[in-house]
Amino acid sequence: MTSSFGNVCAIIGAQWGDEGKGKVVDIVAEHYDVIARACGGANAGHTIVIDSVQHIFHLLPSGCFHEGKPIILGAGMVLHLPTLLEEIEEMKKAGFDVLPRLHISSEAHILFEYHKKLDGVFEEARAKKKGKGIGTTMRGIGPAYQDKAARTGIRMESLDADLTSELKERAESIKEQFGLDIDINVELKNLEDARNVLKGCVTDTVSLIHEYLEGGKSILIEGAQGVLLDLDHGSYPYVTSSSTTISGALQALGLPPKSLESCIGIAKAYCTRVGEGEFPAEASEADGNRIRERGVEYGATTGRPRRCGWLSVPDLLKVVRLNGYTHWNITKLDVLDEEDQIPVMMSDGYQNLPGWKASTRGLTSFDELPENAKKYIQFIEEQTGVPVAFIGTGPGREEMIVKS
Ligand code: IMP
């Protein structure tokens, strides 16, 4: 399979996150040597089922379950260290020792407890001023990237340093500005715990990834969130604080654009969004509730019910332009099995496509799909000019059509 996707392949969410990237990552990762995550933090949430046990990970990439494959956490990430340690521990319990193959960029930023507290303060202030906040995941993401952009952040390269006086100063300034009490002993304890576990993992991941490439290894880039949440190109200000496009991922990993050989866009057969912000193709309440129940659309990080709606061709065209997608993975097609009609948003209003009213659950061959389901997939290909390579037909790993 590597040959069809080349030596460097990226998997990038095409909507507002939660597209179900994990499954295709799992399938494609088997054919790649190195798994790299580039940006974001513990706002991401991916659910992985191993031996019937459900694991939810926020920082480690979904591909980390592939034994023996090096994992890179890139410079664009903001790392809440206790969460990372918990995930490493959970992996250990599941029988996977990730530490010897975990490589964390020394340029990645540390996300402290105070960033999480500030996330709450800023959300409250926005709610007071504008009647609503952004609806963040409360994981401290915005404040951590604020520090990074203000050049006051603390990077993983400082994990070994004594940060007592720096943290004291930070606590004083936060108290002064926001009246918040920060317990720096908790921060210092978290740092010490992380230092003990992670000291061998922090490295120059830019050199490392290039050495892998020069040594003929293949790289799978696992995107986080979705393109419509991108800080520059998403539905600002209702976005996350990192770059969620392929360009952002390449930047964070220190890879030149020309190294990329393929980019798989992941889009649900419909669309969901959590948090506030525009959603022009949002379904009516009744339709939305039906899709939510069928698709089990509740946030993996926050448990919030996701807002549900339909595909938007203008949005798909925009994200194709931003990412240069070479293939689509359309996920959760089976969720639409009982719809009479499937509205798709076009530039001049909605077009209703006929439903197929038959189960596609678990199908693995495109030929077996009902005629109207095939037409739905072909419609996406025609409208976007990008071929569909994978179609999700259920939550199980094997419930996937590999089309090309
Ligand atoms: P933040 O990234 O926690 O600051 O949240 C900003 C916006 O991005 C909110 O609308 C979140 O719901 C959304 N968001 C952040 N990460 C994810 C994700 O992994 N999936 C879906 N939505 C996300």
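The values are calculated or read from the model by the stated rules, or taken from the named source; none is laboratory data. Note that the coordinates shown come from a computational prediction; the quantities given were computed from them, not determined experimentally. Neighbour counts are summed over all protein chains in view; Cβ atoms, including those assigned to glycine, are modelled from backbone coordinates with ideal geometry.
Worth a mention:
- Restricting the search to helices (runs of 4 or more DSSP H) fully inside region 95-179 and requiring at least 2 residues that are under 24 Å from the mean Cα position of the chain (by Cα) gives 113-130, 141-149.
- Yes/no for Lys318 being assigned to a helix (DSSP H, G or I) and farther than 28 Å from Asn352 by Cα: no
- Boolean, Ala171 is surrounded by 17 or more Cβ atoms within 10 Å (Cβ to Cβ) and either closer than 28 Å to Ser235 by Cα or of a type outside the set (Phe, Trp, Tyr) (or both): yes
- In region 1-35, the residues that are polar (S, T, N, Q) and modelled with pLDDT under 95: Thr2, Ser3, Ser4
- Residue match in region 362-370 (condition: more than 19 Å from Thr272 (Cα to Cα), within 26 Å of the chain's Cα centre (by Cα) and either among the β-branched types (Val, Ile, Thr) or part of a strand (DSSP E or B) (or both)): yes
- Residue check, Gly216 among the small types (Gly, Ala, Ser) and touching a helix residue (DSSP H, G or I) at 6+ places or on another chain (Cβ under 8 Å): no
- Some residue of region 117-136 being touching a helix residue (DSSP H, G or I) at 6+ places or on another chain (Cβ under 8 Å), within 30 Å of Val53 (Cα to Cα) and among the β-branched types (Val, Ile, Thr): yes
- Among the conditions (1) modelled with pLDDT of 95 or more; (2) surrounded by fewer than 17 Cβ atoms within 10 Å (Cβ to Cβ), Leu316 misses just one, which is (2).
- Summed over region 121-159, the residues that are under 26 Å from Glu278 (Cβ atoms) and either in contact with a Lys or Arg (Cβ under 9 Å, 6 or more places away or on another chain) or within 11 Å of the ligand (Cβ to nearest atom) (or both) give a count of 18.
- Glu381 out of contact with any helix residue (DSSP H, G or I) (no Cβ under 9 Å at 6 or more places or on another chain) and either in contact (Cβ under 8 Å) with a residue 12 or more places away in the chain or crowded, with 21+ Cβ neighbours inside 10 Å (or both): yes
- Scanning region 296-307 for residues that are more than 8 Å from the ligand (Cβ to nearest atom) and out of contact with any strand residue (DSSP E or B) (no Cβ under 7 Å at 6 or more places or on another chain) yields Val296, Gly303.
- Scan of region 82-101 for residues that are crowded, with 18+ Cβ neighbours inside 10 Å and touching a residue at least 60 places away in the same chain (Cβ under 8 Å), ordered by number: Leu84, Ile88
- Looking at region 12-60, the strands (runs of 3 or more DSSP E) lying wholly inside it that each contain 3 or more residues that are in contact with a Phe, Trp or Tyr (Cβ under 7 Å, 6 or more places away or on another chain) sit at 46-50.
- Of all residues in region 358-378, those being touching a residue at least 12 places away in the same chain (Cβ under 8 Å) and closer than 19 Å to Leu316 by Cα number 4.
Yes or no, residue by residue, for (1) crowded, with 24+ Cβ neighbours inside 10 Å; (2) under 16 Å from the mean Cα position of the chain (by Cα):
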residue	(1), (2)
Val206	no, no
Asp232	no, no
Ser235	no, no
Thr240	yes, yes
Ser247	no, yes
Ala252	yes, yes
